[in-house]
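Working notes for the structure below.
The values are calculated or read from the model by the stated rules, or taken from the named source; none is laboratory data. Fair warning: this is a prediction, and the values are worked out from it, not measured in the lab. No Cβ is skipped: glycine too gets one built from the backbone with ideal geometry, and neighbour counts run over all protein chains shown. Only protein heavy atoms, including side chains, enter the accessible area calculation; ligands, DNA and RNA are left aside. Shrake-Rupley method; radii C 1.70, N 1.55, O 1.52, S 1.80 Å.
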Amino acid sequence: NKPQQRKPGESRPIRPFAWPMLLQSGKLAQRTGDKLQLTKAGNKAISAPANGTIKKLWHSWQKTTLFDEFRRVSAFRGQTGKGKRHMTAVAKRRAVIVEALQQCPPGEWLTFDEFSRWMRSERFYFEVTRDPNSLYIDSSRYGRLGYKNWGLIEERYMLAFLFEYAATLGIIDVAYVD
């Protein structure tokens, strides 16, 4: 079947990406060629209570170096090659966000902008890259970021982490609103 053409402005479904990464980081699945297969621990997890499995996946994801969520922000180029050496450790970035999440009031909704402002006001800082000039949009010649900009870089990282990993595991609830 040929994929249907999208009309301009038409949204498309979100591709599931986090689950395979979470399962691999929790050693519940492993790649075999181009397929993902459950490990012995993965087969056991199927019949185990879900809350314990989710807790294990959340904790293992925080420490893994399997994947950097920022790679999902494809608009930013320069994350590989020479620019890779400027990227900070993912576990440290995740730890800052997790610590901030732990201090959020349960049962209350925050907009993402409120959460980000609150993190900065409470000094929950992290950097995605030590050299923002190594990242660029569209063209390395004209699209370099060149300066620290929390809203442009760190917030994109937070969105990827929160929406793709924390929300996938049910750690946070999210609402997409117009």
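General remarks:
- Average projection area in nm² (convex hull over Cα atoms of region 39-96, one quarter of hull surface): 5.5
- Over region 12-137 - Rg/Rh using Cα atoms and the Kirkwood inverse-distance radius: 1.01
- Surface analysis of region 15-145 yields an accessible area of 66 Å² per residue, using protein heavy atoms and a 1.4 Å probe.
- Dipole magnitude of region 9-88 about its Cα centre (Cβ charges: Lys, Arg +1; Asp, Glu -1), debye to nearest 20: 260
- The share of accessible area on region 13-95 that comes from carbon and sulfur is 57 percent, using a 1.4 angstrom probe.
- In this view, the solvent-accessible surface of D173, computed with a 1.4 Å probe and all protein chains in place, comes to about 120 Å².
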